[in-house]
Amino acid sequence: VAYETEQSRAQLAILQADLAAFEREHGMSSNLFYERFVAGQMDDRMDYVEWASLFQMARNLKERLRVLGSMQ
């Protein structure tokens, strides 16, 4: 469990850095972007699709870390 937690944290840190770059580039938080993207208020440009995918991956890793934390 400790190894999985460590690996997930490392992956999350990388994803958060990538998300921060998108936030700086587009001038909005990832949360706001994702809400708008899911609601169809953003177009399907490739960088938006990538941003949405990174957001989903980060959200999944946070959930994984929550579950792993409850196992310790």
Handout entry: Qualifying residue in the range 37-53 (condition: under 16 Å from the mean Cα position of the chain (by Cα) and under 21 Å from GLU6 (Cβ atoms))
Key = no
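Among the candidates GLU4, GLU63, GLU50, GLU35, single out the residue that is on the phi < 0 side of the Ramachandran plot and modelled with pLDDT under 95.
Details: GLU63 fails: modelled with pLDDT under 95; GLU50 fails: modelled with pLDDT under 95; GLU35 fails: modelled with pLDDT under 95.
Just one listed residue meets the conditions, GLU4.
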Handout entry: For GLU23: the one exception among (1) touching a Ser or Thr at 6+ places or on another chain (Cβ under 9 Å); (2) open to solvent by less than 50 Å² (accessible area, probe 1.4 Å)
Key = (2)
Completion exercise
Scanning the range 50-72 residue by residue, the ones that are under 17 Å from LEU15 (Cα atoms) and open to solvent by less than 90 Å² (accessible area, probe 1.4 Å) total 10
Completion exercise
Sole miss for ASP47 among (1) open to solvent by 60 Å² or more (accessible area, probe 1.4 Å); (2) in a helix (DSSP H, G or I); (3) among the charged types (D, E, K, R) is condition (1)
Practice task
Could you check, for the range 30-39, whether at least one of its residues is free of Cβ contacts under 8 Å to residues at least 24 places away in the same chain, open to solvent by 80 Å² or more (accessible area, probe 1.4 Å), part of a loop (DSSP other than H, G, I, E, B) and not charged (D, E, K, R)?
Solution key: no
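The values are calculated or read from the model by the stated rules, or taken from the named source; none is laboratory data. This is a predicted model, so every value here is computed, not measured. Neighbour counts run over all protein chains shown; Cβ positions are idealised from the backbone, glycine included. Just the protein is used for accessible areas: all its heavy atoms, side chains included, with ligands, DNA and RNA removed. Shrake-Rupley method; radii C 1.70, N 1.55, O 1.52, S 1.80 Å.
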